Each structure stands twice: as structure tokens, then as C-alpha cells.
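These notes are about the structure you will find just below.
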Amino acid sequence: MGEEKESLGESILSVEAPEKGEDHKFAETACGLGKALGKLTLTPVVGVGLMGVAATDALASGATGVRIKAQEVMYKMTKADPGDSVATDTTEDSVASAKGSTGMAKFMQSVSRPPERAEPLFVEIFDPETCDYKHLRRNYLDKGVPFILKRSDGKPISNASPPKSAEDGPEGYISVVADSMNVKLDGIDEIVKKLLPHTFRAHWPLWFQGNYKSGLAHVDLGPGTCNFYFLKRGKKDVVIAPFEVTRGLTLSTGIDNVHIPGSADNHDYLSDLTSYYRVLLEEQSILVFNNSGCLHHFTNVIEEGVTPIACSNRCKHAYGSDPRGWLNLAGNLKVWYNMADHAMELQSSGEQFRKQEKD
């Protein structure tokens with residue numbers, strides 16, 4: 001009888017105790033349950049915060065809009081009478097010089113553009129060392145007009161790099177690596193402060209890498225922000241829709257965005273846009289645009305096996321953010337849960353792999 005008890009005790013120990021250096025067979029399940037409970041607990045907290053963000057962005061966007069309209073009215077009232085205007089040189093070179101532009105960026109030509117598709121609008125390039133940041137803020141950013149900052153002398157605009165590489169990521173998946181909220185982004189931070197002196201970083205800087213073609217055409221959900229999108233390596237074909245065009249689109253809610261379903265890996269939706277910007281973004285450039293108010297779509301241009309590396313640096317700028325973003329933040333429980341899940345995943349592992357169809 002004593003031998004049977006001893007044998008039974010050994011059997012129980014052999015089931016419950018894992019081999020040295022190995023995880024218990026229930027450890028993964030317990031960890032998963034712990035994470036799920038953590039997300040459920042965090043979701044209402046995140047929801048309350050997002051409701052506050054939505055209300056603040058709606059008010060700030062309205063107040064900024066009133067200020068901009070007032071400035072336009074004052075300008076019209078104080079400018080000289082048109083009949084007294086003097087002759088001006090309106091050649092392309094003089095206009096570019098007056099604006100401080102160093103030229104127009106290239107854009108990807110469609111192999112067979114449907115006749116009903118609108119011609120893309122050009123995106124201007126400015127030298128961060130010589131441009132007029134106040135002019136760019138008032139006449140480009142606040143009007144939903146994207147622009148590119150790139151040094152005309154060919155020197156790097158930033159030496160910032162991702163905290164980890166994703167060269168061996170699975171094909172068709174986007175690697176999203178979160179950097180520290182307080183990380184120093186050499187060269188980029190200085191530009192942010194010149195364009196938006198009172199702004200702050202509203203999201204972790206996210207590094208996008210991986211062997212994929214493109215995500216979905218989307219508008220970001222979250223605090224109203226301006227994106228200082230830095231392309232460290234490679235090339236990207238970028239489409240951005242103006243405020244008024246974006247507002248007229250029917251969009252579906254995703255993980256952390258509202259998007260055009262089925263737009264990954266194609267540009268079929270362009271036939272539905274009355275106007276849009278398109279640009280071939282090249283390395284050591286910063287694309288500045290309103291990611292909370294303008295539909296945008298990035299497609300990797302892979303040459304000689306080199307995949308692009310880019311950093312999305314979102315800084316607070318409520319004006320122009322899409323009202324659908326406010327509504328989703330204020331009352332969509334699925335968005336609350338997705339945001340909590342997104343935050344926990346990035347904070348626990350620092351990285352996410354997403355199928356490009358779900359980005």
C-alpha cells in the first residue's frame with residue numbers, strides 16, 4: 001500500500017513539474033488568460049481617455065477653424081484693391097521661388113490609367129534649412145496640403161534608426177516596431193518644433209518594415225495628429241486625399257483606423273476620388289501630412305530586394321481631423337478594445353506583425 005502511494009505521488013509530480021528549462025504546458029494558456037483579463041480591465045479606462053480626446057479634438061478643431069477663417073477675412077479686407085495691382089511675374093520658377101519650394105516630387109505613373117480616373121496633384125519639396133515654416137503651417141498643413149522636406153545639398157535629414165530590425169519577417173506581413181515615447185529622433189524633432197512650436201508627440205513613433213507590398217488606404221484613429229513620416233531607406237508610392245475628398249468617402253472601421261476595404265495591393269479606389277496627391281517618396285525625406293483627416297495609402301517600391309524602412313512620428317494637431325474619428329473614439333466599444341489591445345501588445349513586446357490586408 002505504501003509503495004502504491006509513493007508511486008502515485010511520483011506520478012502527480014511528473015505531471016505538474018516541467019523539465020528544467022522548459023515552460024509548463026499550461027503556462028502559455030495562463031499567460032493568454034492573463035493578457036485577456038488585462039485587456040478587458042484596461043478597455044474601459046482607455047475608453048474614458050478616448051472620449052476625452054474626442055471631445056478635446058472636436059473643440060480644438062472648431063476653434064482653430066474659426067481662427068483661420070477670421071484670418072482669411074482680415075486678409076481680404078486689408079489687401080490692396082485689385083484695380084491697383086501691379087504687374088507680377090507668374091512664371092513657374094518665380095512662384096516656386098516665392099514659396100521657397102525646391103521643385104515638385106516625382107509620382108508613380110499608372111501603366112494603364114482608366115480614362116475616368118483624375119490626374120494626380122503634385123507634391124512640393126522644401127529644404128528644411130531654408131523654408132518658411134510659418135508659411136507651410138498656414139498654407140499647406142492647415143489646408144490639408146501635403147509637402148516633403150528634403151535637403152537640397154543631398155545630406156541626410158536624419159540618422160534615426162529603428163530599435164530592432166525586421167529583415168527576416170514573414171512575407172505579406174507588416175512589422176510595426178514601437179520606439180520609446182521619449183526617443184530622440186535626430187533632425188526630425190527639430191523640424192517638428194519649427195513647424196508646430198507648441199506640439200507634442202501623441203503616439204509612440206512606429207517603425208514600419210517588412211516584406212510586403214502595401215497596407216490599406218486609411219485614415220488613422222486616435223488623437224488628432226500631423227504625421228512627420230520619415231523614410232530612412234527605399235522608396236514608397238504614396239497617395240493622399242484632401243480633406244474634402246476624404247469626408248465624402250465611405251470607410252470601414254479597422255484596428256486603429258477607418259479604411260477602404262480591399263484596397264491593399266491595389267489602387268482601384270482612385271477612380272472614386274475626384275482629386276488626390278500622389279508622390280514617389282524617396283529615402284532621407286520627411287512627408288508632412290494630416291494623417292487624422294486625410295486618407296493615405298503607402299505602397300512599397302522594392303528595388304533589387306531592398307525593402308523600405310519608415311518611421312511614423314505623429315504629433316498633436318487637432319485641426320482637420322475627420323469627425324468620424326471623434327465618433328469612433330467617443331462611443332465605439334470595439335475601437336476601445338482594439339486600442340487597449342494595440343497598446344498592450346506594443347508595450348509588452350515592442351512589435352506587431354500584421355497581415356497587410358488588416359493594416
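Just so it is clear, none of the values below were taken in a lab; they were calculated from the coordinates. Bear in mind the structure is a predicted one, so any value in this text is a computation, not a measurement.
For the stretch 230-281 versus the stretch 150-229, the spacing of their alpha-carbon centroids is 17 Å. Distance cut-off 31 Å, Cα to Cα: go down the list K193/K232; K143/K232; K213/K334; K193/K213 and report the pairs above it. Among K193/K232; K143/K232; K213/K334; K193/K213, the Cα-Cα distance tops 31 Å for K193/K213. List every residue whose amide H lies under 5 Å from the amide H of D186, counting only residues 5 or more places away in sequence or on a different chain, with H placed 1.01 Å from N in the peptide plane. Amide H neighbours of D186, under 5 Å, 5+ apart: N159, A160. Computed extension length for V301-R151: 51.8 nm, one decimal, from 0.36 nm per residue of separation with the Cα-Cα distance subtracted.
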